[in-house]
Amino acid sequence: MMMKGNITKHTMSKAEENETGRLVTRLTSLPGNHHHLYFTSSSFTANNRQVLFISDMVQGNPNLYKLSLEDGETVQLSDNRNGIMKSYVYYDGKAYQGLAKASPSYSAATNRLLYIQDHKVILIDVETLESEMVYALPAHVMTGFTHLSACGRYACIPYLSSEAFEVGSGNPFTLIRDRVADRRLESKVLVIDMQTGVAEPYFSHQGWITHVQFHPEDHRTILFNHEGGMVDQRIWLYRNGRIEKVRDQSNQSNSLWVCHEMWSKDGSTILYHGTRGIPNDPSMKRNESTEHAASFVGTANLSDGTYSEIEFPQHMTAYGHFTVGNDLDLLLTDGIIDAQSIHLCRTDWLSGQLTYERICHHHSSFTVQDVHPHPIFSHDDRYVLFSSDAHNEREKGHLYLVELDEAGKKI
């Protein structure tokens, strides 16, 4: 049986995009479902020579791996034999057992990876593979995405009572949201100081919190969300001991969908995107008229609370995500412009102008979380990493890498 430390090798293959002329490298080749970490965490090691990813290629159990971009050599980092742990997004998992697939978060500064397995918070050194349990979660709680601070010292973990997940048949996304609202359930946001071992809930908030992100330079400032699509307010900020709204949705919650918030690299701004003219719930999108829908990408200024939004043409309403490079003007998206491609966007926030260029097609089905492409930049903005099921069984991903040349970066 393969365990932590075992080495396998993927055969990398390259293909040229007919339209763009760029080479797209498929990094994974072995059978299984392979995808990188959620995009609020980098999957690139500090030197951009390895990528971290999740795969169930050993007996169907998801585990964490590192893959060399030089030769495809892959090292298993975790030793999970209990399947998928039930949490946000992975509603069909086992309660309190297995790998929480939404949980991994990586610190390039310390080369350490945080994840939740069997209801325990584990920290592993990606180089030495030494690991330690840093916290045992309380009984009967459900988690979401975690986050490591930029310095790697602090871990942030949201959780709420498992009562929220006790719903019947139907769409768990909306059922859990409604149960949380009806019962006024609170989420807690836990912060662990992994140097001292002190763990304390920084705050509680009524609502379903699934995304948390430390400020890039201040672990006491935390960006978080309210999950569920059609919520009164999506983006929130905890700072100076107080909770405040980001991109206030007051009086617009029935016609404004806002989602996928993330920090700019310097922490001065919060990037987000959304859609106007339809209920802000993705599960309702196909049931509503899109005649007057308008997609946009926006930034909220942390210092004064002002925001700037750039609107796309009305036909550009495909579901997707935006991620940011080292420069706030440099963005990636796997949707919006069209449903089949990765686009590189250059924005001028002052003038409200945006230009874009197709990097490549991803042709992913988008049907489950694991095959959302979630394109991310390498630390130097030279490479783009994404996941797709285009060359695998439906709903099972492969990893892909595209190199950006200077001409491509300066569109």
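Here, each number is a calculation from the coordinates, and none is a lab measurement. If you're wondering where the values come from, they're calculated on a predicted model, not measured in any experiment. Here the Cβ is made from the backbone with ideal geometry for all residues, glycine too, and neighbour counts use every protein chain on show.
Give me, ordered by chain and number, the residues 5 or more places off Lys94 or on other chains with an amide H under 5 Å from its own placed amide H.
Counting only residues 5 or more places away or on other chains, the set is Ile84, Met85, Lys86.
Under the classification rounded if a/c is under 1.5, otherwise prolate if a/b is larger than b/c and oblate if not, where does region 294-355 fall, given a ≥ b ≥ c as square roots of the Cα gyration tensor eigenvalues?
prolate
Which of the peptides 70-78, 17-25, 57-65 is most tightly packed, and how do the rest follow, judged by the mean count of other Cβ atoms within 10 Å per residue?
Order by mean packing, descending: 57-65, 70-78, 17-25.
To check my understanding: the extent here is largest minus smallest coordinate of the Cα atoms along each principal axis. What are those three numbers for region 356-402, in Å, largest first?
31, 20, 16
Normalising by the residue count of the chain, find the relative contact order in percent from Cα pairs under 8 Å and 6+ residues apart.
11
List the GluC sites (Glu not before Pro) within region 76-169 that fall in a DSSP loop (any state other than H, G, I, E or B) and whose Cβ has at most 15 other Cβ atoms within 10 Å.
Sites meeting the loop and neighbour criteria: Glu127, Glu130, Glu166.
Quick one: which residues, 5+ away or cross-chain, put their amide H under 5 Å from the amide H of Ser103? H built at 1.01 Å from N.
Distant-sequence amide H within range of Ser103: Ile116.
Mind listing the phi-derived Karplus ³J(HN,Hα) values for region 215-220, rounded to whole Hz, using 6.51, -1.76 and 1.60 with θ = phi - 60°, and x for any glycine or proline?
4, x, 10, 8, 6, 7
Using a Cα-Cα cut-off of under 12 Å, which aspartates and glutamates could be cross-linked to Lys66, ignoring same-chain neighbours fewer than 8 residues away?
Asp125, Glu127
If the elastic network links every pair of Cα atoms under 10 Å, which of Arg242, Arg112, Arg234 fluctuates the most in the Gaussian network model of the chain?
Residue with maximal mean-square fluctuation among Arg242, Arg112, Arg234: Arg242.
Return, for the Cα atoms of region 135-225, the radius of gyration and Dmax in Å, separated by a comma.
Spelled out, the Cα radius of gyration and Dmax of region 135-225 are 13.9, 44 Å.
Would you please give the residues with an amide H less than 5 Å from that of His147, counting only those at least 5 places away or on a separate chain, with H modeled from the backbone geometry?
HN-HN under 5 Å from His147: Cys156.
Divide the volume of the convex hull of the Cα atoms of region 86-139 by its number of residues and quote the answer in cubic angstrom per residue.
77
Relative contact order of region 54-212: what whole-number percent is it, with Cα pairs under 8 angstrom and at least 6 residues apart?
It comes to 15 percent, rounded to a whole number.
Loop only per DSSP, at most 11 neighbouring Cβ atoms within 10 Å: give me the trypsin sites (Lys or Arg not before Pro) in region 145-185, ordered by residue number.
Taking region 145-185 and a limit of 11 other Cβ atoms within 10 Å, the loop trypsin sites (Lys or Arg not before Pro) found are Arg184.
The chain: D in µm²/s via Stokes-Einstein (Kirkwood Rh, Cα pairs, 37 °C, 0.692 mPa s)?
Approximately 153 µm²/s, per Stokes-Einstein.
Please give me, ordered by residue number, the trypsin sites (Lys or Arg not before Pro) of region 338-411 that lie in loop per DSSP and have at most 12 other Cβ atoms within 10 Å.
Passing sites in region 338-411 are Arg394, Lys410.
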